[in-house]
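Each remark here refers to the structure printed beneath this line.
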Amino acid sequence: MFKSEYLQKVYASVEARNPGENEFLQAVRDVLESLEPVVMQDSKFEKNGVIERMVEPERMISFRVSWVDDNGQVQVNRGYRVQFNSAIGPYKGGLRFHPSVNASIMKFLGFEQTFKNSLTGLPMGGGKGGSDFDPRGRSDGEIMRFCQSFMTELAKHIGADTDVPAGDIGVGAREVGYLYGQYKRLRNEFTGVLTGKGRSFGGSLIRPEATGFGAVYYAVEMLKTFGEDIKGKTFAVSGFGNVAWGTVKKVNELGGKVVTVSGPDGYIYDEDGICTEEKINFLLEMRASGRDKVKDYADKFGVPYFEGKRPWEVKVDVVMPCATQNEVGLEDAKNIVANGVKYYVEVANMPTTDEAVSYLKANKVVIAPSKAVNAGGVAVSGLEMSQNSMRYSWTAEEVDAKLHQIMSDIYKNSWEAAKKYGMEGDLIAGANIAGFEKVADAMIAQGVAY
Ligand code: GLU
């Protein structure tokens, strides 16, 4: 599969060591393919064992989380924290609460996070965590007790200068609040140990919007390269969580029109666009209701709802998957190409299967990779850490301007990195290489530590 013998050997060992962990293997393959020209040009990476170290987490913790539900019944879940790479800063990355969470998903996310965090230019290593706990239909009290139990173990492994978790799917401001309260109680310390906190206890302005806003800032830069403007363009978005919400809000502000959002139940098509404050805020309401049904939007605003379908069959200018991993498969890619879509912007972490990426590429669709596009979320988390360390807070305008600059730099650096290795225009390779270079340098400089 790889031209480089070194990479072939490393990949074979990753396969042997992580049998059946398909998401993790997929994420590793994607990065190693891009790094081929880099490692073939300089033997220092092989000599220092950089790649074999990068594909093995520095530390992985798995633990039992017991808690009592509203009926007095004891429940048991599994918790994780994967501390992937600390070469350029404390481990940093979200917590995901979703029944699909397993070791493979944690590792793929932690691995991706390492490169993403490096791309932001901020001093953050890569980590990820979570649990197979399903928050759907759980009461507020159950969520709090689960978070407290989860943090009682996690607290032993994290700290403001060691590892700083945040939110991800199923973990928002409410959960971060409960986790933070428990950490403080255990440690008797008020530090920036978590990001995505509420405003009243150290959260950053613009953090809730950051992933979506950042993704749209990236998309605007990308469109500019191809002589295009966001104004008047139509967008298909999936999901209706925090990431989709921020994306819809910013596309709208900049003059584009989002016509779809989706849930596990299907998708809605709003021909006029999800464009009023009422409609945009309704996404938040649907999320907060805990029902996880996008049909609620169709019922409220009287627009078509397509049960069991994904929004990739709709004809638009730009596609932005914002839901979860591997949500776009080969059949979806065929629809996207058949509809003449030119720009495909990944916002969720690794939303595209390998076959779908190959098909889109072969059909000359411009692909913007998630680890660059969605880096705005963790970037503002990094800015939250800075503000907490300074015991100070910036205005929304200040944070937004920094986020905007970071996203423009990520786009520019990715473009340049691809060009440097003869792959001009390949934004996937560019992001992987640009993210890799800084982490590799730091690892080599620090000797065989980890
Ligand atoms: N979960 C988000 C991500 O995938 C944000 C992580 C953070 O803010 O630390 O990047």
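The values are calculated or read from the model by the stated rules, or taken from the named source; none is laboratory data. No experiment lies behind these values; they were computed from the predicted model shown. As a convention, Cβ positions derive from the backbone with ideal geometry for all residues, glycine included, and neighbour counts pool all protein chains shown. Each accessible area value is taken on the protein alone, full model and side chains, heavy atoms only, with ligands, DNA and RNA left out. Shrake-Rupley method; radii C 1.70, N 1.55, O 1.52, S 1.80 Å.
Within 12 Å of the ligand (Cβ to nearest atom), in a helix (DSSP H, G or I) and surrounded by 14 or more Cβ atoms within 10 Å (Cβ to Cβ): does that describe Val399?
Judged against the criteria, Val399 is not a match.
Every residue, every condition in (1) among the β-branched types (Val, Ile, Thr); (2) under 24 Å from the mean Cα position of the chain (by Cα); (3) at pLDDT 95 or above; (4) not in a loop (DSSP other than H, G, I, E, B), yes or no:
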{"site": "Val261", "(1), (2), (3), (4)": "yes, yes, yes, yes"}
{"site": "Asp272", "(1), (2), (3), (4)": "no, no, yes, no"}
{"site": "Asn281", "(1), (2), (3), (4)": "no, yes, yes, yes"}
{"site": "Arg291", "(1), (2), (3), (4)": "no, yes, no, no"}
{"site": "Lys315", "(1), (2), (3), (4)": "no, no, yes, no"}
{"site": "Asn326", "(1), (2), (3), (4)": "no, yes, yes, no"}
{"site": "Ile336", "(1), (2), (3), (4)": "yes, yes, yes, yes"}
{"site": "Ser358", "(1), (2), (3), (4)": "no, yes, yes, yes"}
{"site": "Gly377", "(1), (2), (3), (4)": "no, yes, yes, yes"}
Any residue in segment 94-112 that is on the phi < 0 side of the Ramachandran plot sitting within a Cβ distance under 7 Å of a residue that is within 10 Å of the ligand (Cβ to nearest atom) and of a type in the set (Asp, Glu)? List the pairs, counting only those 6 or more apart or interchain. Gly94/Asp168; Leu95/Asp168; Arg96/Asp168
Considering only segment 296-353, state which residues are closer than 14 Å to Val258 by Cα and open to solvent by 20 Å² or more (accessible area, probe 1.4 Å). Val303, Lys315, Asp317
List the number of the failed condition for Leu383; all other conditions in (1) at positive phi; (2) within 16 Å of the ligand (Cβ to nearest atom) hold. (1)
Sort through Thr162, Thr191, Thr195, Thr211 and tell me the only one that's within 21 Å of Ser149 (Cα to Cα) and within 11 Å of the ligand (Cβ to nearest atom). Thr195
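Just need a number here: residues in segment 222-240 that are open to solvent by 20 Å² or more (accessible area, probe 1.4 Å) and either on the phi < 0 side of the Ramachandran plot or part of a helix (DSSP H, G or I) (or both).
Step one: of segment 222-240, the residues open to solvent by 20 Å² or more (accessible area, probe 1.4 Å) are 224-229, 231-234.
Adding the requirement that they be either on the phi < 0 side of the Ramachandran plot or part of a helix (DSSP H, G or I) (or both) leaves 224-226, 228-229, 231, 233-234.
Looking only at that region, the number is 8.
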Against the condition in a strand (DSSP E or B) and either open to solvent by 10 Å² or more (accessible area, probe 1.4 Å) or not polar (S, T, N, Q) (or both), how does Ala219 come out, does it pass? no
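Among the residues of segment 214-231, what is the count of those that are closer than 19 Å to Glu397 by Cβ and away from the ligand (no atom under 14 Å from the Cβ)?
3
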For segment 411-447, the count of residues that are under 22 Å from Arg29 (Cβ atoms), in a helix (DSSP H, G or I) and within 23 Å of the chain's Cα centre (by Cα) equals 17
Any idea how many residues of segment 252-271 are over 23 Å from Arg136 (Cβ atoms) and in contact with a Lys or Arg (Cβ under 8 Å, 6 or more places away or on another chain)? 5
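Let's see how each residue does on (1) crowded, with 23+ Cβ neighbours inside 10 Å; (2) of a type in the set (Lys, Arg); (3) within 16 Å of the ligand (Cβ to nearest atom):
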| residue | (1), (2), (3) |
| --- | --- |
| Val76 | no, no, no |
| Tyr80 | yes, no, yes |
| Asn85 | yes, no, yes |
| Lys107 | yes, yes, yes |
| Ser131 | yes, no, yes |
| Asp134 | no, no, no |
| Gln148 | no, no, no |
| Glu153 | no, no, no |
Return the residue satisfying two criteria in turn: it lies in segment 12-59 and is touching a Ser or Thr at 6+ places or on another chain (Cβ under 7 Å) and farther than 23 Å from Gly430 by Cα, and of such residues it is surrounded by the fewest Cβ atoms within 10 Å (Cβ to Cβ). Asn22
So, Gly89, is that one within 16 Å of the ligand (Cβ to nearest atom), within 26 Å of Lys412 (Cβ to Cβ) and part of a strand (DSSP E or B) or not? no
Filter segment 165-181 for residues that are within 16 Å of the ligand (Cβ to nearest atom), of a type outside the set (A, V, I, L, M) and open to solvent by 10 Å² or more (accessible area, probe 1.4 Å) and give the result. Gly167, Asp168, Gly170, Gly172, Arg174, Glu175, Gly177
I'd like the full set of residues that are surrounded by 21 or more Cβ atoms within 10 Å (Cβ to Cβ) and over 13 Å from Val303 (Cβ atoms), limited to segment 263-289. Gly263, Leu283, Met286
